[in-house]
Amino acid sequence: IFKVITMAAALDTGVITPTMVFTDTGSITVGGRIFFNSNRAQYGRITLADALARSLNVVTVQVAQKLGAEDFYQYVRRFGFGQPSGIDLAGEVNGLVKSPGDPNWSVSDLPANSFGQGLAVTPLQMLSAVAAIANDGLFMRPYLVDARVTGDEAFFTEPTAARQVIQPETARTMQELMQFTVDTGIRAARISGYAVAGKTGTAQIPTEDGYTDDETITTFVGFVPADDPQLVVLVKLDRPDPAISPWAAYTAAPTFARVTKRFIDYLNIPPDDVRLGLALQD
C-alpha cells in the first residue's frame, strides 16, 4: 500500500500524470539489485492508473526514479512516516525510515522503499497518510479521546490540522486512481451501493535470514464514499492462512468490506445514489 504515497508524491511534483505510459519489462535493476513484480509477470506498455491497479513494483520503481531521492523522502516525512503522529496515546513508535545521508542507506533503498520494502511503518501512520489523501491533502493530527469530563463540564478535543501534505488537486486525482484500483481489480473490497477507493498490500515477512517464502502480512486501506470520504479503514492481517490465500485481495480486502459496511450502517451513511440524488435536489 506504500505505492499510493510514491504515486501521490510524484503526481504532486508534476513528474508524472495519471495517463502517462510506462514500459514494464517484469524486472528492473538498481544499485546492483533486481526488483520484480510480485507475480513475476511483465505487462509491456501500461498507464500509471493500470499500473497502480495491478500493483506493479517495476513501474513504481520507475516513478520513484523520476521523482528522485530528495523529493521522495521529503514527501515520506510530510506524510508522517519515520516520526510519531502525536496521537494522545502513550508508547507510539517512529517506525523505520532510512534516507540519504544515513550510514546504512544505499541507492537500492529508493526503489525498495517506493513499494514498501526496506522500511517499517505503523498502521496508524499509514491510516493517517491515506486519510490525508481522502481529506484533499490536509493531514490531521489523529486522536482517540473525544472529550474529557470534569464535574459538569465536558472539554471536547478540537480537530487539529497539522499540514497540507499534497495539493488538493493531487489528492483528488489519487482518490480517483484508488477508486479505479478497486473498481477494476479488487472485487472483494467493493461494497454494494457505495464507491470505494483503496489499495491492497501483500508483504513478505523479514527474518534474520531474509524474507519468508510462505508467510505474509496482508493489508487493505480504503475510504468510502470515494467521492466524499466519511470513513478511512485499514485492515492488517498477520500471517493469514495460506490455505485461504497469502494475498491481500483475498484476505484483507473482504475483511475491509465487511467491517466497513458495519460502520456505514452504524453511521447511517446513505448509499451513493440516494446521497447524490438528494444533493441534486438541494
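The values are calculated or read from the model by the stated rules, or taken from the named source; none is laboratory data. This is a predicted model, so every value here is computed, not measured. FYI the Cβ positions are ideal-geometry reconstructions off the backbone, even for glycines, and counts take in every protein chain you see. For accessibility, only protein heavy atoms count, side chains too; no ligands or nucleic acids. Shrake-Rupley method; radii C 1.70, N 1.55, O 1.52, S 1.80 Å.
A few comments on the model shown:
- The residues packed around SER99, meaning those with a beta-carbon under 12 Å from its beta-carbon, carry a net charge of -2 if Lys and Arg are +1 and Asp and Glu are -1.
- Rounded to 10°, Cα long-axis angle of helix 3-13 versus longest principal axis of the chain: 90
- Between THR25 and ASP209, the contour length at 0.36 nm per residue exceeds the alpha carbon distance by 63.4 nm.
- (1) 70, 39, 32; (2) 50, 50, 44; (3) 64, 42, 41, with the label sought being that of the calculated Cα extents along the principal axes in Å: (3)
- Viscosity 0.692 mPa s, 37 °C: Kirkwood-radius Stokes-Einstein D of segment 110-215 over Cα pairs, µm²/s: 193
- Dipole magnitude of segment 177-228, debye to nearest 20 (Cβ charges: Lys/Arg +1, Asp/Glu -1, about Cα centre): 380
- Straight-distance candidates among the lysines for linking to LYS3, with alpha-carbon spacing under 21 Å and chain neighbours fewer than 8 residues away dropped: LYS66, LYS98, LYS199, LYS236.
- Once the 1.4 Å probe is applied to the protein heavy atoms, the chain comes out at 51 Å² accessible per residue.
- Alpha carbon centroid spacing (whole Å) that separates segment 129-180 from segment 200-278: 20
- Residue-count net charge about SER55 - beta-carbon cut-off 14 Å; Lys, Arg +1, Asp, Glu -1: +2
- Surrounding net charge for VAL224, when Lys and Arg each add one and Asp and Glu each subtract one, Cβ distance under 15 Å: -1
- The helix-based estimate of mean residue ellipticity at 222 nm for the chain, built from -39,500 (n - 2.57) per DSSP H run of four or more residues and divided by its residue count, is -11000 deg cm²/dmol to the nearest 500.
- Using alpha-carbon coordinates, inclination of helix 168-185 to the longest axis of the chain, degrees: 80
- Protein accessible area in the chain, 1.4 Å probe - carbon and sulfur %: 52
- Cα gyration tensor shape for segment 24-72, rounded if a/c is under 1.5, else prolate or oblate: oblate
- 19 Å tail of the calculated P(r), segment 54-154, as % of Cα pairs: 52
- Placing pseudo-labels 7 Å out from each Cα toward the beta carbon at TYR266 and SER108 gives an inter-label distance of 4.5 nm.
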